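Below is one structure; the comments refer to it alone.
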Amino acid sequence: MSRTVLITGASIAGPTLAWWLHRFGMTVTVLERAPAFRDSGQNIDVRGAGREVLRRMGLERTAMEAGTGELGIAFVDSDNHVEARFDQETFGSNGPTAELEILRGDLARILYEHSRGGAEYLFGDTIEALDDQADGITVTFKKGGPRRFDLVIAAEGIGSSTRRLVFGEAAQRRPLDLYMGYFTIPKGENDSALARWYNAPGGRSVFLRPDKRGHTHAVLTLQQAPCGYEKLSPDEQKRMLAERFADAGWETPRVLEGLARADDFYFEMIGQVRLDHWSKGRTVLVGDAAYAPSPISGMGTSLGLVGAYVLAGELSRHDDHAEAFAAYERILRPYVDQGQDVPSLGPRIAQPRTRFGIALQRGVLNLATKPGIRDLLGKLMAPPADKIDLPDYGHAAHAAPHA
Ligand SMILES: Cc1cc2nc3c(=O)[nH]c(=O)nc-3n(C[C@H](O)[C@H](O)[C@H](O)COP(=O)(O)OP(=O)(O)OC[C@H]3O[C@@H](n4cnc5c(N)ncnc54)[C@H](O)[C@@H]3O)c2cc1C
């Protein structure tokens, strides 16, 4: 089908969509705000149907080989004693370590390289205005002036400005009362392929995860209602975390040393995006921009991959874009609902405020590792369900298959 499509955002959902749309014969431009392709980002999970989308793109093996090699998660105390251990081998997709753990930048790079032969990529610009008309949409770029497309698809992540431009304040941000800072630190002597999770009183946790390059990826989490930390500058956010974690114990001092030096620090207020509809006129949203489930669900990347696949497939099936957008939403909504099904008490259970709460959490986690109880209590640690019958759009791949 010959359509001209502008996709904004070159992370996970954007390049996936670009590859499929090109495969279905559409002319694709990808606009990314950053001045060049971004390699940064920490560990992300790809589960079930997300992995199937990579398989259908011929990328599953490449992505598996680029994975972080994380073997599971150990919950440790301040003396580094393991109190509960969830091995990937034992727990499989019911455990906290996904079948495919990969650094965001590595997966985004794989998708970008795979799609760039079939799409025009533009960096360092954003949309300033949109004029939606009966026969097309005129997009005014901040730097590049006006251009006309048939459709605009925003894959801009949780803070999407195009979503604001088109939907106003219709999108609800459901805060989960968590702040997270992610950054890379040098590998320490206790760091291995087993990720380690440590809790300190006051709703604090320190999570250290491996990669295959000899680095350690740190996540500092604060259980805290929104209080404006997200508005601080990155240096202020680093200082705030250093103060809040100063007396946390365990290996936190070396983590804070790494924090001070980190040049890939990424900080966010954790929340979900909820919208009654994901499209308006000729504009539609995909990935975190439409339905961010939050990192604690472990489903953001899978939703982005699956959402991009279904949206591209439905556009290939329908001449009328409105019908395609409706079908995309009808097929994907139940899957998104599963992905966003994070219990509201989850953040408090994962980050208890008191020593008693931590001891209780560890007792329950330990129980969850025991055979017999594992299946029942293991669900406490498991991500939301990941069930969708992925449509087969193979019949529509009538134009320009691209490697
Ligand atoms: C740099 C970075 C680091 C990340 N690190 C982590 C992490 O450590 N752990 C984790 O769980 N998740 C992380 N994420 C989020 C994770 O990638 C997503 O939750 C998930 O993969 C869904 O991806 P997405 O493509 O929908 O959105 P995102 O991955 O958020 O990508 C959105 C893309 O759109 C671009 N963009 C934003 N606004 C505009 C605009 N107005 N115009 C054009 N382009 C725009 C962004 O620069 C980005 O490339 C990170 C995202 C980014 C961008």
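When ligands, DNA and RNA are left out and all protein chains stay put, how many square angstrom of accessible area per residue does the chain have with a 1.4 Å probe? Per residue, the chain has an accessible area of 43 Å². Working from Cα pairs under 8 Å separated by at least six residues, relative contact order for the chain is 23 percent.
Suppose only helical runs count, i.e. DSSP H with n ≥ 4. What mean residue ellipticity at 222 nm does that imply for the chain under -39500 (n - 2.57) per run, divided by all residues and rounded to the nearest 500 deg cm²/dmol?
Values: 14 runs with 138 residues, N = 403.
Result for the chain, helices only: -10000 deg cm²/dmol.
Computed from the C-beta positions of residue 65 and residue 318, the FRET efficiency with R₀ = 41 Å rounds to 0.70. Modelled label positions at residue 370 and residue 236, each set 7 Å beyond Cα in the direction of Cβ, lie 4.9 nm from each other. In this simple spin-label approximation, residue 138 and residue 2 carry label points 7 Å from Cα along the Cα→Cβ vector, and these lie 2.3 nm apart. Compared with the dominant principal axis of the Cα atoms in the chain, helix 13-23 is inclined by about 40°. Candidate cross-link partners of residue 370 among the lysines, defined by an alpha-carbon separation under 27 Å and a same-chain spacing of 8 or more, comprise 379, 387.
For the chain, the carbon plus sulfur part of the accessible surface works out to 51%, probe radius 1.4 Å. Segment residue 193..residue 345, full-extension length gain: 51.8 nm, with 0.36 nm per residue of separation and the alpha-carbon distance subtracted.
The values are calculated or read from the model by the stated rules, or taken from the named source; none is laboratory data. Being a predicted model, the structure only gives us computed values, none of them experimental. A quick note on method: Cβ atoms are made from the backbone with ideal geometry, for glycine too, and the neighbour counts reach across all protein chains shown. Remember, those area values only see protein heavy atoms, side chains included, never the ligands or the DNA or RNA. Shrake-Rupley method; radii C 1.70, N 1.55, O 1.52, S 1.80 Å.
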